[in-house]
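Read through the structure below, which is laid out as structure tokens, and then see the notes.
The values are calculated or read from the model by the stated rules, or taken from the named source; none is laboratory data. Bear in mind that the values here come from a model prediction, so they are computed numbers and not experimental data. We place every Cβ from the backbone using ideal geometry, glycine too, and count neighbours over all the protein chains shown.
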There are 4 protein chains.
Amino acid sequence: MPFRLQSNLYYQLTGPAAILCSLRPHRSEGQRAREESLSSNPEFAPLEIEVAPFSNRLTRFEVSNIEELCIHYEGVFDSEAETVEAPTHAKPVSYPEDPEVLPFLFPSRYAPSDRFSQVALELFGGIESPFAQALAIEDWLFENINYLYGSSNEGTSAEDTFLQRQGVCRDFAHLGIALCRALFLPARYITAYCYQLEPQDFHAAFEVYLDGRWHLFDGTRLVPLNALIKIAVGRDAAETAVASLSGNIISTGMEIYVYHEPESDEAFYRDFRDELRDRNQSLVLP
Amino acid sequence: MPFRLQSNLYYQLTGPAAILCSLRPHRSEGQRAREESLSSNPEFAPLEIEVAPFSNRLTRFEVSNIEELCIHYEGVFDSEAETVEAPTHAKPVSYPEDPEVLPFLFPSRYAPSDRFSQVALELFGGIESPFAQALAIEDWLFENINYLYGSSNEGTSAEDTFLQRQGVCRDFAHLGIALCRALFLPARYITAYCYQLEPQDFHAAFEVYLDGRWHLFDGTRLVPLNALIKIAVGRDAAETAVASLSGNIISTGMEIYVYHEPESDEAFYRDFRDELRDRNQSLVLP
Amino acid sequence: MPFRLQSNLYYQLTGPAAILCSLRPHRSEGQRAREESLSSNPEFAPLEIEVAPFSNRLTRFEVSNIEELCIHYEGVFDSEAETVEAPTHAKPVSYPEDPEVLPFLFPSRYAPSDRFSQVALELFGGIESPFAQALAIEDWLFENINYLYGSSNEGTSAEDTFLQRQGVCRDFAHLGIALCRALFLPARYITAYCYQLEPQDFHAAFEVYLDGRWHLFDGTRLVPLNALIKIAVGRDAAETAVASLSGNIISTGMEIYVYHEPESDEAFYRDFRDELRDRNQSLVLP
Amino acid sequence: MPFRLQSNLYYQLTGPAAILCSLRPHRSEGQRAREESLSSNPEFAPLEIEVAPFSNRLTRFEVSNIEELCIHYEGVFDSEAETVEAPTHAKPVSYPEDPEVLPFLFPSRYAPSDRFSQVALELFGGIESPFAQALAIEDWLFENINYLYGSSNEGTSAEDTFLQRQGVCRDFAHLGIALCRALFLPARYITAYCYQLEPQDFHAAFEVYLDGRWHLFDGTRLVPLNALIKIAVGRDAAETAVASLSGNIISTGMEIYVYHEPESDEAFYRDFRDELRDRNQSLVLP
């Protein structure tokens, strides 16, 4: 089931600049590129930087002597989300042994989980299993936070979102992460291409580490859970920005296109969570 | 030149709990353990967790059915700080290629560098070389922030410190890091044992990535720069806590002892930075 | 029903200083002083400052050439809280006409109501009458915020309390005020002496302007509502501090004593709100 | 020297709403209206609310059954700023006796002066006289804060401005006020019409209470100090908003026009502060 992905980032420049972009989906066993290209117009040499251990694939461009720039990505990916049995393990009192998981328990720039200890306990502390807690957090986000385009900005943190009760996908993810970590559930931020997101845009969601795997959660309920093609993972948006800029450059726009062939309304639908819930299942992205 | 290190952490408990502690100095070519032990009283099995790529050596204890606990660390380390020529490379417009360095450019919980873009540029933007910028930041911290025990708490961020003009070593380090990152200098937080720190305590400082190495900076000027035995490195205090607690446990105190044999007042002195400056040198911890 | 009030504030000094204290209960028709004295030891001349329009009675001492100071207040007051019928008027779309009420609709230092617009609407927007809204806010505070001595400090705002879910009387009042103002209910902060508060201390609560009068609310449920002897009113704690200090002076302690003669367990009880609710009444302080 | 003032506020509505507007200049001995009118289109009855003790003249409109609204103000005022000798009194250790001045020493929503104690002392504590301190604060604002349209929003406080080093007139005023209060100088916020402000807009500045009068300061240096026609005064922007809205209404724009007859380039010039400084004078608005 191939997804065809395309994204264009547009910039204006007044001097030398660098762009660090995160447009290439990460690669894993379940998510493979059939074809892929990333280039700039005017053309500059891309430098690929792959960040271990999660294989985020960043690309750096150093540019100068231009006034306008377009970064163009195009790829075709096979990506198969995996439905797994809902995790049932009991609540942990402890820190995970896996050193790769540990950092996702600590507070970060936009998910300052240390500030949420009390409120997370009060809202979700009585729930038995960690999976049920994470699911309850996803539900709470959907029911309590209004998705409102333009209601937040690049400085908005989970604290703001909790208070202001509005935000975009990024804010939903940060608040979900902060609440999970406050309950000692390792949680991380993902960026993704998404099929059937209207209007087309990059998407963000969060993953929670349960029974040895990272399970997908998304409080926006705007997208089919199994239609995400993961780009990058990180503590929060601070380390998974689609594009970081240095120097004399400003963004002037972007375009995103995600196709599936054949166009499929059966396989992908927004209320896929309900179906998973009925089947006592959870979703794991490749 | 062996340092003898000892630390004791004391806790009270009212139920099962977990402690994740970071008491063992990290090991590297220039910092080697002659002997070392980490144990708890009452005795529980320690689980060692080594976090790549920086070899932070964490230890987890899971405890229950006790009311009091002491974690006891003791070690003898050879650690040789290296004086190197002051870096002279010009200011970068770009992001570093090394994927291990990249994360230290992004804002973190206690060093939200995105908020310091303007002020960092105004205060230090006119300085030519990155090393001179980092040095100017260290000087600025010493001249503008009052070291005042008890003036901050575990929620204090670099924003608070910048405004309130007071803090402890942790706060000096966070503000230094935030200012560096705002200037596109990768910067990270370190915890350390420190010889001749009065009163004896854990210490925190920051490192800046210049010319391919992490150079040490410390705006407190409270300690001899070459008397630090590095324990752990991370984005900020959120991921290098001496001890993180989960469950029914509170801290009741700690003791730290650092000896050098022979006791040496010649090799270690607070104004070692001045000597380095005179010699046009910088310090790199092992 | 006379209340006998006594308070002592203790200070240490290292130079000239000024204290602006708010220890004298405000006077009104329903709250009259039988006797009253306010003095310092060593003795300095007090300057009385009465702030219109609410008759807060402040006292300023300018002191020098001393190392220790005690401010001593003692008074006997007749104060009769008034039970009135619960206000039933419908929700206002508008701003109040009374210029004295208007300022209590606007955000203040510790009650930044502008930040609570959404959350107040979601939690209490569906409630019909303003009085029922204010009562629901009082209930919500009691049910969701933990009274925990030492859990907040002088910088804590309603935003912090909403997130951290803990605080002292001051914090309960600020959050109540912020939520009321966000719903366009004028709300103000009061300080008070309180009979049967354990341990004895100054108390804070809030008043909401409904049907032309200021009705008392207190989310702590720690005190008998009708046992408050009002000292001062203001936008928030910023302008009703028991003591504001200038110069070389620090607080070293305070003592508060409130007696009623005869000692009365019948007239005053913590769950007086329940009784008011049963009777469809509200309380107005003199 | 008559100023002709005109302002139009435009709104869209989707239901009943109220507007509380502050468009009429306050009246005082030195600032008198020759003619004046305030009306709405479609026409609704205005309710005048005059807030003592500073004579802010607010107007409330309650509107319904309309989709668009324009509030139109027009007036001709004689307003004479007064140049006075620069105050020379020594630094106060104490609180002012005047109860009307006292509130302007306390922290407010956008000028949380309690957070600026240390930094104000470090930057301006060494300056001898309060007037010189206030002048130094005005200079510091001009030199350190960039006037940048769109760089702040309605939630921006003096803390943000101090850190971000950019803002608009409102932010300059708030930071000036916070710094003054932290030095125990009573300071308040004013809104004003301003002749020769480019582009035409409402303006904000601050006043400091020295030697018994409120002296004008403005860190933006964008306007002739003696060309301000004061509208309202208050603790900060929270209580001097040009328009506060309640109900189903959003702002869609505004227009401001300020004329002087004859058009005068001689009497009004931006660097009027320099001239005052040379003459050892200060400016007091009527």
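Within region B:209-222, restricting attention to residues that are buried (at least 21 other Cβ atoms within 10 Å of the Cβ) and aliphatic (A, V, I, L, M), which residue is farthest from the other protein chains (Cβ to nearest Cβ)? Result: B:216.
The set of residues from region C:84-131 being within 13 Å of chain D (Cβ to nearest Cβ), polar (S, T, N, Q), closer than 19 Å to residue D:17 by Cα and in a loop (DSSP other than H, G, I, E, B) comprises just one member, C:94. All but one of (1) at pLDDT below 95; (2) under 30 Å from residue B:37 (Cα atoms); (3) more than 11 Å from chain A (Cβ to nearest Cβ) hold for residue B:154; which doesn't? Of (1) at pLDDT below 95; (2) under 30 Å from residue B:37 (Cα atoms); (3) more than 11 Å from chain A (Cβ to nearest Cβ), only one is false for residue B:154: (3). For region A:54-83, the set of residues classified as in a loop (DSSP other than H, G, I, E, B), under 23 Å from the mean Cα position of the chain (by Cα) and hydroxyl-bearing (Ser, Thr, Tyr) consists of A:55 only.
If the condition is being hydroxyl-bearing (Ser, Thr, Tyr) and either part of a loop (DSSP other than H, G, I, E, B) or closer than 21 Å to residue C:215 by Cα (or both), then region C:132-152 contributes C:149, C:151, C:152.
Tell me, please, whether a residue that is within 21 Å of residue C:159 (Cα to Cα) and of a type in the set (A, V, I, L, M, F, W, C) can be found in region A:141-157. There is at least one residue in region A:141-157 that is within 21 Å of residue C:159 (Cα to Cα) and of a type in the set (A, V, I, L, M, F, W, C).
Filtering region C:159-168 to residues that are buried (at least 24 other Cβ atoms within 10 Å of the Cβ) and either farther than 26 Å from residue A:157 by Cα or in contact with an Asp or Glu (Cβ under 7 Å, 6 or more places away or on another chain) (or both) leaves only C:161. Residues of region B:17-33 include none that is at pLDDT 95 or above and among the acidic types (Asp, Glu). In the set (1) touching a Gly at 6+ places or on another chain (Cβ under 8 Å); (2) surrounded by fewer than 24 Cβ atoms within 10 Å (Cβ to Cβ); (3) under 23 Å from residue A:277 (Cα atoms), residue A:156 fails one condition alone, (3).
Suppose the filter is small (Gly, Ala, Ser), within 14 Å of chain B (Cβ to nearest Cβ) and touching a Pro at 6+ places or on another chain (Cβ under 8 Å); does residue A:64 pass it? The answer is yes for residue A:64.
Please determine whether any residue of region A:36-53 is among the hydroxyl-bearing types (Ser, Thr, Tyr) and touching a residue at least 40 places away in the same chain (Cβ under 8 Å). No, region A:36-53 contains no residue that is among the hydroxyl-bearing types (Ser, Thr, Tyr) and touching a residue at least 40 places away in the same chain (Cβ under 8 Å). Taken over region D:229-285, residues that are assigned to a loop (DSSP other than H, G, I, E, B), more than 23 Å from residue D:177 (Cβ to Cβ) and at pLDDT 95 or above amount to 2. Tallying residues that are surrounded by 15 or more Cβ atoms within 10 Å (Cβ to Cβ), within 14 Å of chain C (Cβ to nearest Cβ) and outside any strand (DSSP E or B) within region D:1-51 yields 3.
Of the residues B:103, B:107, the single one that is surrounded by fewer than 21 Cβ atoms within 10 Å (Cβ to Cβ), within 18 Å of the chain's Cα centre (by Cα) and within 28 Å of residue B:245 (Cβ to Cβ) is B:103. Pairs linking a residue in region C:176-192 that is more than 13 Å from chain D (Cβ to nearest Cβ) and farther than 14 Å from residue C:101 by Cβ to a residue that is in a loop (DSSP other than H, G, I, E, B) and among the small types (Gly, Ala, Ser), with Cβ atoms under 8 Å and 6 or more positions apart or on different chains, are C:176/C:219. Might you check whether a residue that is away from chain D (no Cβ under 14 Å), under 30 Å from residue A:95 (Cβ atoms) and either surrounded by fewer than 19 Cβ atoms within 10 Å (Cβ to Cβ) or not small (Gly, Ala, Ser) (or both) occurs anywhere in region B:257-274? Looking through region B:257-274, at least one residue is away from chain D (no Cβ under 14 Å), under 30 Å from residue A:95 (Cβ atoms) and either surrounded by fewer than 19 Cβ atoms within 10 Å (Cβ to Cβ) or not small (Gly, Ala, Ser) (or both).
Once region A:139-150 is narrowed to residues that are modelled with pLDDT of 95 or more and surrounded by fewer than 20 Cβ atoms within 10 Å (Cβ to Cβ), the residue that is farthest from the other protein chains (Cβ to nearest Cβ) is A:139. Scanning region D:223-241 turns up at least one residue that is surrounded by fewer than 21 Cβ atoms within 10 Å (Cβ to Cβ), hydrophobic (A, V, I, L, M, F, W, C) and within 14 Å of chain C (Cβ to nearest Cβ).
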